[in-house]
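Each remark here refers to the structure printed beneath this line.
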Amino acid sequence: MKGLPVGRTPIQFEGDYIAVSQEEYKRRARDPRFDYAHRVEYAAMGWANRIGHAEFPTGKLNEVLADKNGKSLSVNALNNHIRKAKGLGLVEPESNRRCLVLPE
């Protein structure tokens, strides 16, 4: 498309749905400037498969959500951030550190 910045993919619409760049949401999930609950949501979006599940090997999500110094989160801290994201409705209640589930 003419006029788009180089390297950017336009947002695509399909009825009531929108498609976004998963690479952008992977970047946002790793960005410590964002609140952790939103970084959990961004990780769910960035790594989601076709059914809205983002699966992570043990310890991977802790690394993705590392603090501004690059230190991985503890299991307790990660669980607390996921709990907050659930409370805000950013991920489904069945989400956990191994599998984040996007809301329908």
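Annotations for the structure displayed:
- Stretched out straight at 0.36 nm per residue, the stretch from Asn69 to Val20 would grow longer than its current Cα-Cα span by 14.8 nm.
- Proximal lysine pairs, the chain, alpha carbons under 27 Å, eight or more residues apart or interchain: 14
- For the range 16-85, the alpha carbon convex hull comes to 96 Å³ per residue, rounded to a whole number.
- Angle in degrees between helix 75-87 and the longest Cα principal axis of the chain, rounded to the nearest 10: 50
- Axis of helix 36-46 versus longest Cα principal axis of the chain: the two differ by about 50°, to the nearest ten degrees.
Quick note: the coordinates plus some simple rules give every number you see, no bench work behind them. Remember, it's a predicted structure, so these values are computed and weren't measured experimentally.
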